[in-house]
Amino acid sequence: AGDLVVFAAFTGLRLSEMFHVVKRPMIANEAIMLTTTKNGRPRMIPLHPRALNIAQKMPFAYSQSRLRTQWEQARIKSGLEHIHWHDLRHTFASWLIQRGVALHVLKDLLGHKTLQMTMRYAHLVTDNLRAAVNLLED
């Protein structure tokens with residue numbers, strides 16, 4: 001189950017989406033194609049090398065219900081009941097936005113219909129804002 005936690009954090013997939021993944025080769029990389037998504041539109045996600053390693057093991061040996069059960073047990077055992085699976089999706093988004101990924105790119109990776117949904121991560125862009133202001137000449 002640990003691999004699936006890492007996979008979720010490095011792809012930003014919803015739990016339900018993880019079990020509808022189709023691998024698809026890209027030009028010089030690997031990506032996953034989601035044909036079943038929350039908003040009904042397919043999307044492709046390029047894979048980070050850590051996620052790619054895990055994707056090679058597809059289909060996953062876990063069912064969604066088994067993963068959910070083990071996740072709940074791990075949360076309780078570790079005293080992290082406040083952590084939810086969906087937080088892995090937020091982690092993915094936060095990592096990207098803090099590294100300068102544009103909101104419209106993050107929107108596409110997360111599969112949001114509108115930029116408004118993605119704007120919840122805009123407050124994390126403070127370093128990029130400072131770098132932009134520092135570009136001004138004296």
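The values are calculated or read from the model by the stated rules, or taken from the named source; none is laboratory data. On a predicted model such as this, the values are computed, not experimentally measured, just so you know. Don't worry about glycine lacking a Cβ; one is built from the backbone with ideal geometry, like all the others, and counts go over all protein chains shown. Only protein heavy atoms, including side chains, enter the accessible area calculation; ligands, DNA and RNA are left aside. Shrake-Rupley method; radii C 1.70, N 1.55, O 1.52, S 1.80 Å.
Using 0.36 nm per residue, how much length does the chain from Q64 to I83 gain when fully extended, once their Cα-Cα distance is taken away?
Stretched out fully, the Q64 to I83 stretch lengthens by 5.1 nm.
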Checklist entry - What's the lysine pair count for the chain at a Cα cut-off below 22 Å, pairs eight or more apart or interchain? => result 5
Next on the checklist: Along each principal axis of its Cα atoms, how long is the chain end to end? Whole angstroms, biggest number first, please.
Outcome noted: 59, 42, 27
Item to check | Accessible solvent surface per residue of the chain, calculated while the other protein chains remain in place, 1.4 angstrom probe, Å² | outcome: 63 Å²
Checklist outcome for this item: Exposed GluC sites (Glu not before Pro) being those in a DSSP loop with at most 11 other Cβ atoms within 10 Å, the longest stretch of the chain free of them is 1-80
Checklist entry - Counting only the heavy atoms of the protein chains, how much of T114 is accessible to a 1.4 Å probe, in Å² to the nearest 10? => result 70 Å²
Item to check | Accessible-area ranking of T36, T118, largest first, probe 1.4 Å | outcome: T36, T118
Item to check | With every protein chain in place, the chain: carbon and sulfur % of accessible area (1.4 Å) | outcome: 58 percent
Item to check | For the chain: relative contact order, % (alpha-carbon pairs under 8 angstrom, 6 or more apart) | outcome: 25 percent
